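Values in this text are rule-based calculations from the coordinates and carry no lab data. Worth saying up front: this structure is predicted, and the values here are computed from it rather than measured. A quick note on method: Cβ atoms are made from the backbone with ideal geometry, for glycine too, and the neighbour counts reach across all protein chains shown.
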Amino acid sequence: MPGKEKELASKIDVAYVAELARLELTPDEKKTFQRQLDEVVRYVRVLEEAPVEGLSPSPYPGDLSNVFREDAVGTTDIQEAVAANAPRWQNSLFIVPPIMDQS
Amino acid sequence: MALPEIPASLRDLRNLLLRGEIACRDVAAAFLQRIEKHNACLNAFVHLDAEKVMAQAERADERLASGGREPLLGIPLAIKDNLNVRGDPCTCASRILTGYVAPYDATAVARLRKAGAVFLGRTNMDEFAMGSSNENSAFGPVRNPWNTDYVPGGSSGGAAAAVAAGLAPAALASDTGGSIRQPAAFCGCVGLKPTYGRVSRYGLTAYASSMDQVGVLAQSVADAALLLEVIAGHDVMDGTSLREEVPPYSERLEGDLNGVRIGLPREYYGEGLDKEVRESVQGVAGLLAREGAEVVEVDLPSTRYAVAAYYIIATAEASANLARYDGVRYGMRVEGADPIEMYGRTRAKGFGPEVKRRIILGTYALSSGYYDAYYLRATKVRTLIRKDFEEAFQRCEVLLTPVSPVKPFRLGEKIEDPLQLYLCDIYSVTANLAGICGIAVPCGLSREGLPLGAQFLGPALGEERILQIAHIYEALRGPFGSPPGF
């Protein structure tokens, strides 16, 4: 969407974004969040005034470098605990509803 | 059973234990009794297994008898409900983690365990550490022990209320935008947020990974220093963990203020700051100046963008981090015809309103076409904020600021207006954006009789200095006192 990078929006499409985030909202939630988040989105437009031209972004507060370790086989004793936490677990697998049409 | 009087400082408590004048099981029993008496009112603890606590205390007594001298042997500690303790629930005060039992210890927890600590229970918090009033908890709000009509602050409201009310001598918690310092200020205890990377985040449930930091709440600066000494240090399980050595913080607290330069950032004393908070923190500056410190004004010009940058970066990271709560591997599940329906329903039922709002805002900030305008720009503003602090710390050793622009407020007073609550984080989020360290210390009482807090900020790895100066201030201030009735 050209142009969008330059200017921050003043509204947010809550219903659409909630779908992207896999959140089912009730009609009441949609209404309340719409009002509250529109206010927040209008407020964060203050970022447009910040003199950031030419600056590098800081995704982290300090300088980070890659951390490596040996690619070695280890042991773990937490499988039972992991299984006990699973909503549905069978034959060492997490059970979920079918993803593809079974017909 | 008559239980012993527990000394206020961890060092005194340890000495009594070492001399055998008091047993670990009596100490644990005394705290359990206090929790039993006051928790129904404060709602500070959300999980507590008294038998397990006593079993740990018995083991600590055995260790002591056989010559064990670990630094925290037999000392009870509360743990915020977003840090994993093997075999304990860890729900982050969220319905979505109902029934979850931690399969492993967080690194900070493991270090406390190795040091001999006894874990008292899990403290209430804003759901997934999102909030600053502890009203966003699936377990209901925590109440401020100084006046139960008031909020304790958040997100570590349960930990702060527990420490302030003497239900625990200290607590392990996390601070992503002020979640240790602000409740410490509201409840009248000490709250330390270490430098990003100083304490391992392994086993801390992720909210905003580039700002989350494990720290402590305590009844004094010396206690906080002692605990930091135990939990700090490099950990291979956290890729952002710093390799620098850990100084013996608790042995380096003494000093004087001669020649110490303390900076007051102009932007932290401007519009929007409550008059009582201002006067109280200025009182701290005056006291330190009389003792020989040089107080100078400094500028942090990018402060006005900090709340906006914080709420874009934190929610963007949260939207990614919380994608894992989908009903597949742990926590609750609401069944659906297909996985997509299952995710949507599980998350609708499992998350509370503030978490939903932040996930939506973060998803929006990262969505196609908006990423550059929001997230990328916010991370550039973060560069500006880092530069501000770097320049300020050229001019002074530590900064002295309010923790929050507002006094503790009443339950329900601000919860309907998220933006107003976000704006109250202005003086605390900057330390997380820049990755520097900060400590909150009680410095007065409001007209209503609720605590007010001052914050000392230091550069990255400046813990030794902020602890020292906060400790000197604490001695000059004198005992802060306990909430009436506790």
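Straight-line reach from B:Lys407: taking Cα to Cα under 13 Å and skipping same-chain neighbours fewer than 8 places apart, the aspartates and glutamates in range are B:Asp274, B:Glu276, B:Glu279, B:Asp425, B:Glu448.
Placing a label point 7 Å from the Cα of B:Glu390 along the Cα-to-Cβ direction, the residues of segment B:462-480 whose backbone N falls under 20 Å from that point are B:462-463. For segment B:331-371, GluC sites (Glu not before Pro) meeting the loop criterion (DSSP other than H, G, I, E, B) and having at most 15 other Cβ atoms within 10 Å: B:Glu335. Across the options B:Ile312, B:Pro353, B:Phe456, the greatest Cα extent toward the positive end of the charge dipole of the protein assembly as shown (unit charges at beta carbon of Lys, Arg, Asp, Glu) belongs to B:Pro353. Karplus-based coupling profile of segment A:50-65, in residue order and whole Hz: 6, x, 9, 4, x, 7, 7, x, 10, x, 10, x, x, 8, 10, 10, with θ = phi - 60° in 6.51 cos²θ - 1.76 cosθ + 1.60 and x standing for Gly or Pro. For the modelled label position 7 Å from the Cα of B:Ser9 along Cα-to-Cβ, which residues of segment B:242-256 have backbone nitrogen atoms closer than 14 Å? Correct set: B:250-255.
Out of the GluC sites (Glu not before Pro) in segment A:1-74, which ones are loop residues according to DSSP with at most 16 other C-beta atoms within 10 Å?
Hits after loop and neighbour filter: A:Glu5, A:Glu7, A:Glu53, A:Glu70.
With contributions of -39500 (n - 2.57) from each DSSP H run of at least four residues, the per-residue ellipticity at 222 nm computed over the protein assembly as shown stands at -11500 deg cm²/dmol.
Scalar couplings 3J(HN,Hα) for segment B:291-304, obtained by applying the Karplus form with A = 6.51, B = -1.76, C = 1.60 to θ = phi - 60°, are 8, x, 6, 9, 9, 10, 8, 10, 10, 10, x, 8, 3, 5 Hz; x denotes Gly and Pro. The alpha-carbon of A:Lys31 sits under 19 angstrom from the alpha-carbons of these aspartates and glutamates, leaving out residues fewer than 8 places away in its chain: A:Asp13, A:Glu19, A:Glu39, B:Glu354, B:Glu416, B:Asp417. Taking amide H atoms as placed 1.01 Å from N in the peptide plane, the amide H of B:Val118 lies under 5 Å from those of B:Gly74, B:Ile75, B:Leu77, each 5 or more residues away in sequence or on another chain. The calculated FRET efficiency for A:Tyr16 paired with A:Gln79, based on their beta-carbon distance and R0 = 51 Å, is about 0.80.
Once C-alpha pairs closer than 8 Å and six or more residues apart are averaged by separation and normalised to the residue number of chain A, the relative contact order reads 21 percent. Around the amide H of B:Phe45, modelled in the peptide plane, lie the amide H atoms of B:Asn124, all under 5 Å away and 5 or more residues distant in sequence or on another chain. Between A:Gln90 and B:Cys41, how high is the FRET efficiency from 1/(1 + (r/R0)^6) when r is the Cβ-Cβ distance and R₀ = 41 Å? Nearest 0.05. Calculated transfer efficiency: 0.35.
Distance check, please: which entries in B:Lys37/B:Lys80; B:Lys114/B:Lys356; B:Lys193/B:Lys349; B:Lys114/B:Lys387; B:Lys193/B:Lys380 exceed 30 angstrom between their Cα atoms? Display every interim value, and only then the final one.
Working: B:Lys37/B:Lys80 20 Å; B:Lys114/B:Lys356 37 Å; B:Lys193/B:Lys349 32 Å; B:Lys114/B:Lys387 39 Å; B:Lys193/B:Lys380 23 Å.
From the list (B:Lys37/B:Lys80; B:Lys114/B:Lys356; B:Lys193/B:Lys349; B:Lys114/B:Lys387; B:Lys193/B:Lys380), the Cα-Cα distance tops 30 Å for B:Lys114/B:Lys356; B:Lys193/B:Lys349; B:Lys114/B:Lys387.
Relative contact order for chain B: 17 percent, from Cα pairs under 8 Å spaced at least 6 residues apart, divided by residue count. Structural descriptor for segment A:1-51: relative contact order 51 percent, calculated from alpha carbon pairs under 8 angstrom and at least 6 residues apart.
Taking amide H as placed 1.01 Å from N in the peptide plane, B:Ser367 has no amide H partner under 5 Å among residues 5 or more places away or on another chain.
Loop-located chymotrypsin sites (Phe, Trp or Tyr not before Pro) in segment A:5-68 (DSSP state other than H, G, I, E, B) with a sparse environment of at most 16 neighbouring Cβ atoms within 10 Å: A:Phe68.
Roughly speaking, what is the stretch gain from B:Asp299 to B:Asp49, that is 0.36 nm per residue apart minus the C-alpha to C-alpha distance, in nm to one decimal? It would help to have the intermediate numbers written out before the result.
Values: separation 250, 0.36 × 250 = 90.00 nm, distance 4.92 nm.
Length gained between B:Asp299 and B:Asp49: 85.1 nm.
Derived scalar couplings between HN and Hα for segment B:350-366 equal x, 8, x, x, 5, 5, 4, 4, 5, 5, 5, 4, x, 4, 4, 5, 9 Hz in order, rounded to whole Hz, by the Karplus curve 6.51 cos²θ - 1.76 cosθ + 1.60 (θ = phi - 60°), x for Gly and Pro.
Both the radius of gyration and Dmax for chain B are 21.2, 70 Å, in that order, over alpha-carbon atoms.
For B:Lys52, the aspartates and glutamates whose Cα falls under 14 Å of its own Cα, not counting residues fewer than eight places away in the same chain, are B:Asp88. Going from the fewest other Cβ atoms within 10 Å to the most, the residues B:Cys396, B:Cys443 appear in the order B:Cys396, B:Cys443. Shielding by partners for peptide B:431-438, expressed as the average number of C-beta atoms from other protein chains within 10 Å of each residue's C-beta, is 2.
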